[in-house]
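Structure, as structure tokens:
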Amino acid sequence: MYQIILASGSPRRKEILEQVGVTFTIKVSDKEEVMNSDNPDSLVKELSAMKARDVAERVSSPAIIIGADTVVAQNNIIFGKPRDKKHAKEMLSIMQNNSHKVYTGVCILIIEEDKTVRELSFAVASSVKVAPMNESQIEAYIETNEPMDKAGAYAIQGKFAPYILGIEGDYYNIVGLPISSIYAELYKNGIDLITGKNI
């Protein structure tokens, strides 16, 4: 049986794992996130791997470490978490009345009893269509403070819901953890995520 570790302090990712019945612990990477790529797919894979590998240095086997990172991208512009309210307003002003993509990169490290490590890395993309928003609507949403720790400055599962016209792809990916893809990847590699056991 593997110890399952979420290498993220995100309450949304924690909730998704709890929702499907996974028993896990949280160990947060303290490495600074540095954006070295302007390709969102590559960037999220790079950042999720950095988180997972950092946590792996503090873990004894056997364990499954799940690192994840989410960004929003529109017209080749990558949006991470806003620096401040002004930055959040800039992001939302660009995204309103338009569609964008949400990318979550996942890195899963499987540490075996004999200390060997398998690494699974992938990214999932989903599309989100945002309704037209005027300045007062954007400012009112920012004043809730909800956008401040979210990639793209919004939470699809929160107070931004009235402005979501539609999505294509995995809803949970947009929240921050593509749980179906994680489950499928581990299952293909002989592990049941829910039980933490070999199949």
Restricting segment 188-199 to residues that are open to solvent by 10 Å² or more (accessible area, probe 1.4 Å), over 20 Å from the mean Cα position of the chain (by Cα) and in contact (Cβ under 8 Å) with a residue 12 or more places away in the chain, the residue that is nearest to GLU15 (Cα to Cα): THR195
Members of segment 126-140 that are in contact with a helix residue (DSSP H, G or I) (Cβ under 7 Å, 6 or more places away or on another chain) and surrounded by 15 or more Cβ atoms within 10 Å (Cβ to Cβ): SER126, VAL128, VAL130, MET133, ILE138
Segment 111-125, residues that are surrounded by fewer than 20 Cβ atoms within 10 Å (Cβ to Cβ), of a type in the set (A, V, I, L, M) and either over 18 Å from the mean Cα position of the chain (by Cα) or at pLDDT below 95 (or both): VAL117
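Pick out, from segment 1-110, the strands (runs of 3 or more DSSP E) lying fully within it that include 2 or more residues that are in contact with a Lys or Arg (Cβ under 7 Å, 6 or more places away or on another chain) and open to solvent by less than 10 Å² (accessible area, probe 1.4 Å).
3-6, 63-74
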Neighbours by Cβ (under 8 Å, 6+ apart or cross-chain): first from segment 6-28, of a type in the set (D, E, K, R); second buried (at least 19 other Cβ atoms within 10 Å of the Cβ) and assigned to a loop (DSSP other than H, G, I, E, B): ARG12/ALA155; ARG12/GLY176; ARG12/LEU177; ARG13/GLY176; ARG13/LEU177; LYS14/SER8; LYS27/ALA7
Matching residues in segment 167-187 - criterion: being open to solvent by 20 Å² or more (accessible area, probe 1.4 Å) and either part of a loop (DSSP other than H, G, I, E, B) or at positive phi (or both): GLY169, ASP170
Long-range neighbours under 7 Å by Cβ, at least six apart or interchain, first residue on the phi > 0 side of the Ramachandran plot within segment 93-122, second surrounded by 13 or more Cβ atoms within 10 Å (Cβ to Cβ) and not in a loop (DSSP other than H, G, I, E, B): ASN97/VAL130
Subset of segment 156-174 [touching an Asp or Glu at 6+ places or on another chain (Cβ under 8 Å) and of a type in the set (A, V, I, L, M, F, W, C)]: PHE160
Subset tally (residues that are open to solvent by 50 Å² or more (accessible area, probe 1.4 Å) and either in contact (Cβ under 8 Å) with a residue 24 or more places away in the chain or within 13 Å of the chain's Cα centre (by Cα) (or both)) for segment 149-161: 2
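The values are calculated or read from the model by the stated rules, or taken from the named source; none is laboratory data. This structure is a prediction, so every number in the text was calculated from the model and none was measured. When we count neighbours, we look across all protein chains shown, and the Cβ atoms used for this are built from the backbone with ideal geometry, even at glycine. Just so you know, the surface numbers come from the protein's heavy atoms only, side chains and all, with ligands and any DNA or RNA stripped out. Shrake-Rupley method; radii C 1.70, N 1.55, O 1.52, S 1.80 Å.
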